[in-house]
Amino acid sequence: MYQRVNAFAHITAFIVAMIWGSTFISTKVLILSGLSPVQIFTLRFIVAYIMLLGMMALTAKQGKGSFSWFADNWKDEALMVALGITGGSAYFFTENEALRFGTATNVSLIVCSCPLFTTMLYRLLVKDVRLSRLQVTGAIIAFIGMVVVVLNGHFVLHLSPLGDSLAFCACLCWAVYSILMKYVTERYSSVFITRKVFFYGVLTILPYYLFVSGLPSWNVLTHPVVIGNLLFLSVVASLICFVAWNWALHHLGAIVVTNYVYVNPISTIVFAAWILHESITGYFIVGSLLILLGMYLSNQIKQGAQ
């Protein structure tokens, strides 16, 4: 049973990473429709939170589960706030702003380096973690594969101190989010944690609207293309994927699950080829194989190391 759950958790993390890679396409469509990146984040988290809140309330009313507004104590509630910031508002804000000041290639490379930063932070902060040579080798191979996929044969980087710094902040946010999950998944369900992430993610992004215009007009929001892509980002990429990802983090640990972030650029290019008719090169194939090989090697470790 333990092996079955772990195998399912690996499959879940892989599928979520693939879906998250495809969100760049939906986000691009919404931006072209007149929405800003921060507006997209706010709307998708609001919709996801309302739906998840309704589902939990209905389940509790039917006697199939309990419903609680807050965590068991203020320290745990503070952790939920931190998760909402690192996995929600701060992550999405810094990533989106990085794209304004830096190149997409630089931002992709830095943000997709998250597994390496997560591993280093985890080793530094969690004293009982021991990394095997096989795990380190696999992580390096997967990282090289990710670089090959993102660069796609164009080995020219344009440095942008502000843009690259923001991308690094986004990477660091997700690494901290993954590590903090270790301390809450043992006591709270992934559904409860995800609901809190959505709530505090939206709450902490609201000050941004003191400096910029509010949400888009009703005419923009009621356009079929906008509705469809927002529902995909809200229901699938946020509600379902965050619950599934947090569940996988609980069963596999931050180091193993975060490695699946390397799948993001693969998914993005596959969906771009399918929807936007962009070409797939030999660099993509070689890089993808390196990523899969590296992830396989990294996962050949005992769960006790997590």
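Specify the longest stretch of the chain that does not include any exposed loop site, a site being one of the GluC sites (Glu not before Pro) with a non-H, G, I, E, B DSSP assignment and at most 14 other Cβ atoms within 10 Å.
Between the exposed loop sites, the longest stretch runs 1-185.
Tally Lys/Arg at +1 and Asp/Glu at -1 over every other residue whose Cβ is under 14 Å from the Cβ of Leu172; what's the total?
-2
What percentage of all Cα-Cα pairs in the stretch 1-121 are separated by more than 25 Å?
The calculated P(r) of the stretch 1-121 puts 44 percent of pairs beyond 25 Å.
Which FRET efficiency, nearest 0.05, do Leu210 and Ala60 yield, Cβ-Cβ r, R0 45 Å?
0.80
Using helices alone, I'd like the mean residue ellipticity at 222 nm for the chain: each DSSP H run of four-plus residues gives -39500 (n - 2.57), total over residue count, nearest 500.
-23000 deg cm²/dmol
Excluding Pro37 itself, what net charge comes from residues whose Cβ is under 13 Å from its Cβ, given Lys and Arg +1 and Asp and Glu -1?
Once positives and negatives cancel, what remains is +1.
Using the scaling law 2.2 N^0.38 Å as the reference, what is the normalised Cα Rg of the chain?
Rg over 2.2 N^0.38 Å, computed on Cα atoms: 0.98.
Pairwise over distinct Cα atoms, reciprocal of the mean inverse distance: report the Kirkwood radius of the stretch 191-264 in Å, one decimal place.
Result for the stretch 191-264 stands at 14.7 Å.
Scan the chain and hand back the longest stretch that contains none of the trypsin sites (Lys or Arg not before Pro) lying in DSSP loops with at most 16 other Cβ atoms within 10 Å.
The answer is 188-301.
Please compute the modelled spin-label separation between Leu53 and Lys28, points set 7 Å along Cα→Cβ, answer in nm with one decimal.
3.4
Only Cα pairs under 8 Å and at least 6 apart count here; give the relative contact order of the chain as a rounded whole percent.
39
Residue separation times 0.36 nm, minus the C-alpha to C-alpha distance between Met120 and Leu231: what's the value?
Residue separation times 0.36 nm, minus the Cα-Cα distance, leaves 36.4 nm.
Below 14 angstrom from the Cβ of Ser190, what's the summed charge of the other residues (Lys, Arg +1; Asp, Glu -1)?
Taking every other residue near Ser190 into account, the sum is +3.
What helices does the chain have that are whole DSSP H segments, at least 30 Å long along their own axis by Cα, and with mean Kyte-Doolittle hydropathy of 1.0 or more?
Both cut-offs are met by 2-32, 37-61, 161-184.
For the chain, how many pairs of lysine residues have a Cα-Cα distance under 19 Å, where the two are 8 or more positions apart or belong to different chains?
Taking the Cα cut-off of 19 Å, the pair count is 6.
Would you mind calculating the gained length between Ile140 and Tyr283 on full extension (0.36 nm times residue separation, minus the Cα-Cα distance), in nm to one decimal?
Taking 0.36 nm per residue and subtracting the Cα distance, the gain is 49.7 nm.
Read-outs: derived from the displayed coordinates by stated rules, not from any lab. Since we're looking at a predicted model, the values are computed, not measured. Neighbour counts run over all protein chains shown; Cβ positions are idealised from the backbone, glycine included.
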